[in-house]
Amino acid sequence: MTHQTGTTIASSPSHGSPERQREIALIGNPNTGKTTLFNRLTGARQRVGNYPGVTVEKKLGTLKLGDHASVAVIDLPGAYSLAAASADERVVLDVLMGRIPGTARPDVVVCVVDASNLMRNLFLASQVADTGIPQVVALNMMDCAREQGVAVDPGLLSQRLGVPVVPITATRGEGVEELKRAIHALLSAASSETLNRQLTADNPSTPGIAPMPWPASVEQAVGELDRAIRHDLGGNEASSVSRVELLRLLFDAHSAIPERLGWPRSKADAAIARARTHLEQHGLDPVSAEAMLRYGRLAELLEGVIVHPGERKPTRGESADRVLTHRVWGLLFFVGLMTLVFQSIYTLAGPLMDGIDALTGWMQEIAGGWLESTPMLASLVADGVIGGVGSVVIFLPQILILFFFIALLEDTGYMARAAFLMDRMFSWCGLNGKSFVPMLSSYACAIPGVMATRTIEDPKARLVTILIAPLMSCSARLPVYVLLIGAFVEPRYGPWWAGFTLVAMHFVGLLVAIPVAMALNRWVIRGTRIPFVMEMPPYRTPQLRDVLWRMVERGGAFLRRAGTIIFAMTIIIWALVYFPRSASVEQAATQRFIDQTAAEMALPAADVADLVERNDADANDRFDEELAARLSNSVEGAFVEHSYLGRLGRTVQPIFSPAGFDWRITIGVLASFPAREVIIATLGIIYNLGSEVDEESDTLVAAMRNARWESGPRAGEPVFTIPVAAAIMVFFALCLQCGSTVAVIARESAWKWAIFAFCYMTALAWVGAVLTYQTLRLVIAS
């Protein structure tokens, strides 16, 4: 018998004890129906979180199972192997090893395999067998196998593997009850006296697929690594390394295990190189040895288990692929489908977002009326709290509709074909085919676009996509474009140039994103790019229940993760705009209003002052509701100008001067960092028009056209010109002025990358605005 090198892997301290809730883990390759089975087992008893230190989702549910009060079910990320080439696969290995704080080592593993592709799917099951955890194989997609003429003998397969094998069709619930009984039997056996002990990878009596019988050269290599770790790290660290992890060190190209151990990479690489010489001396390639040996073993086990048809006709899916993956026809179909999807998002989400916006405004009016006697509290509740909640919820329709379509296309199997098509276009700049949908989604809103990057397995390509997705021109930029183009471009150059400018602004971000992606890949983001390899899953009829569940799950994730940060940022910006509220500012603004109104109405200033003091419309019909609103707007504009944000705007205005921005534009830019469209309401307040103005407001357009520089070398010159308008649009096209997106980037990657995205896009926007202003000023002047 070959000596087994490696240390014991202890289960959680209370393993097998009745006090601890038992836990089962679902594991399987992508596209095997694992998540559909998870939904069948757990129903609505689910919750979603994140594993500590990573952005990989942690999906948990509970299952009522016989005499076990409730069993915890964890849906592990889809993985092809335990090689841990991606964050998802690292999480899978760490969970099976019991390395993640707060996540118990599973009592039973349910390996979900595709019955029509048994050999490749059982590769992962054979790796899981090395962990010593009891295992049951769920033979899913039996209907697809039958359609392809593939016959599988579950009884013979169970006999060969030595584990329960249950044929199921998760989409229809077939075989799920039998699977529950098999899980229950394994849990009961694991609780018995003969199995109530530590699980070890060296214990062949543990229920599960027999561990791989490695040749002597592999055992010698594993022993070499074990001795090197003991020598370099000492007994304590070495004792925490399992045999499974020693195998991963031997076979995997970029294992993260040395970092976990604190093993210097130089020493680890040298030890791994020495260990691999044992394989090379026996004619084994370290890169392919595991695959060759495991698949050879699986071929022996599956002999007679699978019956393939002698002659097979092309399936309907294969016929469809001839069109849908065609270089020309496939691309045309994809463009048409994506146009339909995003047109639907705009069409369907628009009324819902308008309704949420109207409801938010109504609630703000009600709250302001109730708290009228305490202005600060009224503003905090109406503008801060209610406005903050509204700024979160208003994005929900777009997110729900987008993820409905994404889930629908994923479940049909089409999304893999789309990624294959787009990879040809994106690979040269460091992205892959799966980057396209997040980028396209970002044209509606960057928030669902960033969240959609979760489908990208390559961590480097995923991070690059996250960092360039906000460059796509989202719908929140449109009001800014419409206001400036309508006010300055169309009156001077006509509707054709106005339309061209609007289209051009939507392409600015995309054109800039390409060199940015190349730069990020080459100089900023470290790591080796994983080759884009994607399985083409079979076409399936999507289950509406699963699609809706995933849509709601994503919407809830947005509210939980981004909502709290967005709300906090809204309160902070409210405070910067509201404070300080000086009585002297109010008195000065009121006096200016009195003087201006007296001049306009040809009345003595004292009479107007008397009307203002009494604030009584019946005292003189000249002082009507419109004048009262004008007074309120003038005072509010003065408050904003002298607020902390206003003072900051005047302080940093020299920085924006090369782009042609005065202090009012600068304040508008600063106020719009939480949300781009806020600049319109801010300009309305600054120009004493109130915050109710929109991009189609004639009064705001007139005020902007009449605005003049108040001081400096440009005193008396118009503030808004064609170069200034273009510079503002370019700044908004390139700047990350969306607190919601910053929050989501932080949640999906890390705060350092969210800060990096904010900084690089702000710098890029400033450079773009300056170049645009200076260039157009020279062109128009000439």
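The values are calculated or read from the model by the stated rules, or taken from the named source; none is laboratory data. Worth saying up front: this structure is predicted, and the values here are computed from it rather than measured. Neighbour counts run over all protein chains shown; Cβ positions are idealised from the backbone, glycine included.
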Of the residues in region 243-271, those that are of a type outside the set (A, V, I, L, M) and surrounded by 15 or more Cβ atoms within 10 Å (Cβ to Cβ) number 10
Among the residues that make up region 676-698, is at least one of them outside any loop (DSSP other than H, G, I, E, B) and modelled with pLDDT of 85 or more? no
Within region 506-541, of all residues that are buried (at least 17 other Cβ atoms within 10 Å of the Cβ) and modelled with pLDDT of 85 or more, the one farthest from Met761 (Cα to Cα) is Asn521
* Does Leu764 satisfy the condition of being touching a Cys at 6+ places or on another chain (Cβ under 9 Å) and not aromatic (Phe, Trp, Tyr)? -> yes
Could you go through region 485-492 and let me know if any residue there is modelled with pLDDT of 85 or more, not β-branched (Val, Ile, Thr) and not in a helix (DSSP H, G or I).
no
Filter region 90-101 for residues that are within 15 Å of Leu249 (Cβ to Cβ) and outside any loop (DSSP other than H, G, I, E, B); the one that is modelled with the lowest pLDDT is Arg90
Counting only residues in region 464-489 that are of a type in the set (Val, Ile, Thr) and farther than 26 Å from Leu520 by Cβ, the one surrounded by the fewest Cβ atoms within 10 Å (Cβ to Cβ) is identified as Val482
The residue from Met415, Met439, Met422 that alone is buried (at least 23 other Cβ atoms within 10 Å of the Cβ) and touching a helix residue (DSSP H, G or I) at 6+ places or on another chain (Cβ under 8 Å) is Met439
Of the residues in region 579-603, those that are touching a residue at least 24 places away in the same chain (Cβ under 8 Å) and outside any loop (DSSP other than H, G, I, E, B) come to Val585, Glu586, Ala588, Ala589, Thr590, Arg592, Phe593, Thr597
When restricted to Ala504, Ala513, Ala469, the only residue out of contact with any helix residue (DSSP H, G or I) (no Cβ under 6 Å at 6 or more places or on another chain), closer than 23 Å to Val669 by Cβ and of a type in the set (A, V, I, L, M, F, W, C) is Ala504
When region 751-782 is checked residue by residue, the ones that are among the small types (Gly, Ala, Ser) and free of Cβ contacts under 8 Å to residues at least 60 places away in the same chain are Ala754, Ala763, Ala765, Ala781, Ser782
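Table: residues versus (1) in contact with a helix residue (DSSP H, G or I) (Cβ under 8 Å, 6 or more places away or on another chain); (2) surrounded by 19 or more Cβ atoms within 10 Å (Cβ to Cβ); (3) assigned to a helix (DSSP H, G or I).
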{"residue": "Asp88", "(1), (2), (3)": "no, yes, yes"}
{"residue": "Thr103", "(1), (2), (3)": "yes, yes, no"}
{"residue": "Val136", "(1), (2), (3)": "yes, yes, no"}
{"residue": "Leu139", "(1), (2), (3)": "yes, yes, no"}
{"residue": "Ala145", "(1), (2), (3)": "yes, yes, yes"}
{"residue": "Gly155", "(1), (2), (3)": "no, no, yes"}
{"residue": "Ile183", "(1), (2), (3)": "no, yes, yes"}
Checked Gln148, Gln135 against criteria (in the same structural domain as Val91 (by the TED database) and closer than 20 Å to Arg294 by Cβ); the one match is Gln135
Condition set small (Gly, Ala, Ser) and not in a helix (DSSP H, G or I), scope region 619-664, selection modelled with the highest pLDDT: answer is Gly660
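For residues that are touching an Asp or Glu at 6+ places or on another chain (Cβ under 9 Å) and of a type in the set (A, V, I, L, M, F, W, C), tally how many sit in region 124-141.
Here the count works out to 3.
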Of a type in the set (A, V, I, L, M) and more than 30 Å from Thr541 (Cα to Cα): is that true of Met415 in this structure?
no
Those strands (runs of 3 or more DSSP E) completely within region 5-65 that have 1 or more residues that are among the hydrophobic types (A, V, I, L, M, F, W, C) and modelled with pLDDT of 85 or more are 23-28, 57-65
Among (1) at pLDDT 85 or above; (2) over 34 Å from the mean Cα position of the chain (by Cα), Ile594 falls short only on (1)
Restricting attention to region 731-764, the residues that are buried (at least 23 other Cβ atoms within 10 Å of the Cβ) and within 16 Å of Phe661 (Cβ to Cβ) number exactly 6
